[in-house]
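Q: The structure under discussion is supplied below as structure tokens; questions concerning it will follow.
Each value in this text was obtained by applying a stated rule to the coordinates, not by laboratory testing. None of these values were measured; they are calculated from a predicted model. Every residue, glycine as well, gets a Cβ built from its backbone with ideal geometry; the counts of neighbours run over all protein chains shown.
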């Protein structure tokens, strides 16, 4: 018995029951179709900004037509609204562009090339200070597949000043995906694979979320946490099967690994997980799928108070960003290519 | 079938029985006719069991008299009543666990030299006649509650009893076994046997009895043909007022205090009964577990508290985020888990000790570990406090729990667990064999436990109870959890469908 004990891992403490019980809020939400959405934020002028590939679109009111606000030279990977109307955009390749309220590029804020692998989230700490989250994986890497099986903590939190001066705030983070400030102004970072929220010292503020964490945002009642997928029992089980995982990593391309995914996939050569995905030709909502739509609403202590979900039979999976806009909770679904309006916050 | 003009086979005239100056039965008159099924109903402590014990010769009346076939009789022991053809099937089974079923059936009527084969074949004959599938060579201690009840009934039938008194015969039986028992009672009635049965299931009394008598606070309230009663009228006589039993929609589903479960069970396996069971229990929420008998609900509860062992590598259990594996239930008690057993007489209390001693021992089990001397004064004070909080009604301070009514016994078991200040309470069939009034009280107690922030797991085969109490309903089938419903979406049809298909 004893030799097996070190292999046992503690799965996340929370399950999709009780307050996080299944619902169809994401599937029922009103939506706008967008190509390749990744990031969104509410601008100072009251418009909603969201990325679509290399473009940033602006929406004046829900139901209106989105207009192109700026077009960048690389896919936009993060958006943040600053105090003076500034908007920062993380760009693929580990670069940053900052725009003023009119959409004109602002001088400064130049990130030395090669210093940051990729910017997955950013946050203005002041007019002059921008925090960047570097998850450690490049734009071509399938982050979800890699991070689930990577033991190396290569993520960092970097502060960039308008002058171009760069400072490392935290390092050794395991795949950080989002950054936010708590009520006291302390920095919180969400970690994708470790399903926990930590501060810059690496101290765990809350752990055990039943998903792969994405971006973290403040709301009127606490926080909203976008989850790229939910915890999958097969993946959790494989964490004890080291030889199998080592062989999988050595012989198969990451795209085919048993790992969380952004898009719902059901194919005949797919690991069928106990044959448990379909019943009478329909995908069962409770099937153990690799992709999932999950947004967790939390109180000020980072304790979940509610959720919005799209289950295995839905398609609004991989919730990658969330923002509060005019009192409504707006989320971006990578899998379905939609911006969703969940209505007033919990 | 019954002859109203004939002399009643049993008649009790103005009988009073007092315990320690308090009347358990006051000035009650009762008669039983040949070949009738007579139901006795009443709240816990109404005096039903006392009345039956007077007839069966277990206790003697303080005042008043008993006539059998019109002759006045005085029974000094149950043996005397048995000689007159009166048999009683007790609520707490009186089998000797170390003897076989056959030996138990002939117990008290053995000859000086017994042939093992004859004893066994006599027992087999009577069991087969009654269509009870019980092996006569099995030890009585290894039988389930229902089978023990069957052996008791077989014993009465073998006795060629003219009067059989059944004290809550259906409390431990499944619906099919209950139907079978009433079939048997009807066939015994045809052969002229008179039967008294005590039941808390009012429908049973209304559907199967010829006459019904209602007792309240030791007094006979009314006796009449079953056709004259309906459920509401019975309840009015029993408690003296109307009771709203409808699905209580005023109590809203409470939302759990936290998203962190107090108990998390993952893939637990135990023998053939529990098969990959996974679920979570949240603080401040009542999680009902519905399912058929044998769906592995009680078994998983017993694995959680360390009463039975799971399979090798048979799943994992976390209590407040800490993985636990209890070797003995005492460790689970120390960690704040209370399990309120479905068989309270066997596992729930010490039947010869008093109410306050029982509650005090519950306290000692958790807080008195590793103390040299038991703080008796403190224990008594805590016990008195809980007795009042749960309104446990008893006669006399030192009265053994054995003599309390089913509902009060259940309250003692609950008090004994609550005194340990648990963070997780597992109720297994909490209102089985409990009368209508006490059911409402016990449900209120369960709600208040959840309101205080503890996690509550409620195992019940009685669907209205699950629907009424639970905030979240899980359905077990074949040792695994097959469905989950919120309070709002659950209906009896949906739950049954999940439990069966």
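Q: Residue B:109 versus residue B:67, label points 7 Å from Cα toward the beta carbon: distance in nm?
A: If labels sit at residue B:109 and residue B:67, their model points lie 2.8 nm apart.
Q: Could I ask something else about it? Compute the relative contact order of chain A as a whole-number percentage, counting only Cα pairs closer than 8 Å that sit 6 or more residues apart in sequence.
A: Working: 891 pairs, mean separation 59.6, N = 346.
Relative contact order for chain A comes out at 17 percent.
Q: In addition: Can you put B:19, A:212 in order, fewest other beta carbons within 10 Å first? Please list the in-between numbers first.
A: On the way: B:19 16, A:212 29.
Neighbour counts put them in this order, fewest first: B:19, A:212.
Q: What shape does region B:379-446 take by its C-alpha gyration tensor, where a ≥ b ≥ c are the square roots of the eigenvalues and a/c under 1.5 counts as rounded, a/b above b/c as prolate, and the rest as oblate?
A: Numbers: a/c = 1.78, a/b = 1.07, b/c = 1.66.
Note, shape of region B:379-446 comes out oblate.
Q: Same structure, new question: Using Cα atoms only, what is the angle between the long axis of helix B:406-418 and the major principal axis of chain B, expressed in degrees (0 to 90) to the nearest 10?
A: So the helix axis and the longest Cα principal axis differ by about 20 degrees.
Q: Further question: Enter the Cα centre distance for the pair region B:34-74 and region A:208-222, rounded to the nearest angstrom.
A: Here the answer is 68 Å between Cα centres.
Q: Show that you can apply the helix-only estimate: for chain A, add -39,500 (n - 2.57) for every DSSP H stretch of four or more residues, divide by all residues, and state [θ] at 222 nm to the nearest 500. Write down the numbers at each step before the final one.
A: On the way: 4 runs with 27 residues, N = 346.
Dividing the helical sum by the residues of chain A leaves -2000 deg cm²/dmol.
Q: Something else about it: Between region B:75-108 and region A:318-340, what is the separation of their alpha carbon centroids in Å?
A: 73 Å
Q: Still on this model: Decide, for chain B, between rounded, prolate and oblate: order the square roots of the alpha carbon gyration tensor eigenvalues as a ≥ b ≥ c, take rounded if a/c falls under 1.5, and otherwise choose prolate if a/b is larger than b/c, else oblate. Let's see the in-between values first.
A: On the way: a/c = 1.64, a/b = 1.52, b/c = 1.08.
The shape class here is prolate.
Q: Rank these for me by crowding, B:48, B:79, A:249, going from fewest to most other beta carbons within 10 Å. If you can, show how the numbers build up before the last one.
A: Values: B:48 28, B:79 10, A:249 14.
Result, fewest neighbours first: B:79, A:249, B:48.
Q: Relative to the longest principal Cα axis of chain B, at what angle does helix B:145-158 sit, 0 to 90 degrees, rounded to 10?
A: On a 0 to 90 degree scale, this one is about 10.
Q: On to the next question. Which FRET efficiency value, to the nearest 0.05, do you get for residue B:397 and residue B:347 by plugging their Cβ-Cβ distance into 1/(1 + (r/R0)^6) with R0 = 25 Å? Walk me through the intermediate numbers first.
A: On the way: r = 25 Å, r/R0 = 1.00.
Once the sixth-power term is evaluated, E becomes 0.50.
Q: Separate question: Between residue A:171 and residue A:106, what is the label-point separation in nm under the 7 Å Cα-to-beta-carbon projection?
A: For residue A:106 paired with residue A:171, the spin-label model returns 2.8 nm.
Q: Efficiency by 1/(1 + (r/R0)^6): what FRET value for residue A:236 and residue A:300, r their Cβ-Cβ distance, R0 = 25 Å, to the nearest 0.05? Walk me through the numbers before you get to the answer.
A: Values: r = 29 Å, r/R0 = 1.17.
According to the calculation, E is roughly 0.30.
Q: So if I take the centroid of the Cα atoms in region B:377-393 and the same for region A:102-165, what is the distance between those two points in Å?
A: Region B:377-393 and region A:102-165 have Cα centres separated by 64 Å.
Q: If only Cα atoms are counted, what is the Rg of the protein assembly as shown, and what is its Dmax, in Å?
A: Expressed in Å, the Cα Rg and Dmax of the protein assembly as shown come to 34.4, 115.
Q: Considering all projection directions equally, how large on average is the shadow of the alpha-carbon convex hull of region B:287-392, in square nanometres?
A: Values: hull surface 35.9 nm².
Average of the hull's projected areas for region B:287-392 equals 9.0 nm².
Q: Another question, if that's okay. Å³ per residue of the Cα convex hull, for region A:35-344?
A: Details: hull volume 41.6 nm³, N = 310.
Once divided by residue count, the hull of region A:35-344 is 134 Å³.
Q: For region B:263-500, what is the percent of antiparallel DSSP beta bridges, rounded to the nearest 5? Don't skip to the answer; put the middle values down first.
A: On the way: 18 of 36 bridges.
Within region B:263-500, antiparallel bridges account for around 50 percent of the total.
Q: Given contacts defined as C-alpha pairs under 8 Å and at least six residues apart, what's the relative contact order of chain B, whole-number percent? Mind dumping the intermediate values first?
A: Values: 1027 pairs, mean separation 78.8, N = 501.
16 percent.
Q: Nearest 0.05, what FRET efficiency do residue B:494 and residue A:36 give at R0 = 30 Å with Cβ-Cβ as r? Let's see the in-between values first.
A: Working: r = 41 Å, r/R0 = 1.37.
The value I calculate is 0.15.
Q: Give the angle, between 0 and 90 degrees and rounded to the nearest 10, that separates the Cα long axis of helix A:242-251 from the longest principal axis of the Cα atoms of chain A.
A: Taking Cα atoms only, the helix is inclined about 60 degrees.
Q: Separate question: I need B:335, B:230 ordered by Cβ neighbour count within 10 Å, fewest first.
A: Values: B:335 18, B:230 12.
Fewest to most other Cβ atoms nearby, the residues stand as B:230, B:335.
Q: Run through the DSSP bridge list for chain B and note the antiparallel percent, rounded to the nearest 5. Display every interim value, and only then the final one.
A: Details: 40 of 76 bridges.
The answer is about 55 percent antiparallel.
Q: Separate question: Tell me, in nm to one decimal, what length is gained between residue B:16 and residue B:76 on full extension, where the rule is 0.36 nm per residue of separation less the Cα-Cα distance? Walk me through the numbers before you get to the answer.
A: Values: separation 60, 0.36 × 60 = 21.60 nm, distance 1.64 nm.
Length difference between fully extended and current span is 20.0 nm.
Q: Would you mind classifying region A:52-180 by shape? Square roots of the alpha carbon gyration tensor eigenvalues, ordered a ≥ b ≥ c; an a/c under 1.5 is rounded, otherwise it is prolate if a/b is larger than b/c and oblate if not. Don't skip to the end; give the middle numbers.
A: Details: a/c = 2.01, a/b = 1.36, b/c = 1.48.
Oblate shape, in that a/c is at least 1.5 and b/c is the bigger or equal ratio.
Q: Right, something else. Give me the number: length gained by fully extending residue B:176 to residue B:311, i.e. 0.36 nm times residue separation minus the C-alpha to C-alpha distance, one decimal in nm.
A: Values: separation 135, 0.36 × 135 = 48.60 nm, distance 3.14 nm.
Here the segment from residue B:176 to residue B:311 would lengthen by 45.5 nm.
Q: Quick one: of the DSSP bridges fully inside the protein assembly as shown, what percent are antiparallel, nearest 5? Mind dumping the intermediate values first?
A: Details: 127 of 163 bridges.
If we restrict to bridges inside the protein assembly as shown, about 80 percent are antiparallel.
Q: Most mobile of A:72, A:41, A:175 per a Gaussian network model of chain A (Cα springs, under 10 Å)?
A: A:72
Q: How big is the Rg/Rh ratio for region B:263-500, C-alpha atoms only, Rh by Kirkwood, two decimals? Kindly include the intermediate steps, with their values, before the conclusion.
A: Details: Rg = 17.5 Å, Rh = 18.1 Å.
With Rh from the inverse mean 1/r over Cα pairs, Rg/Rh is 0.97.
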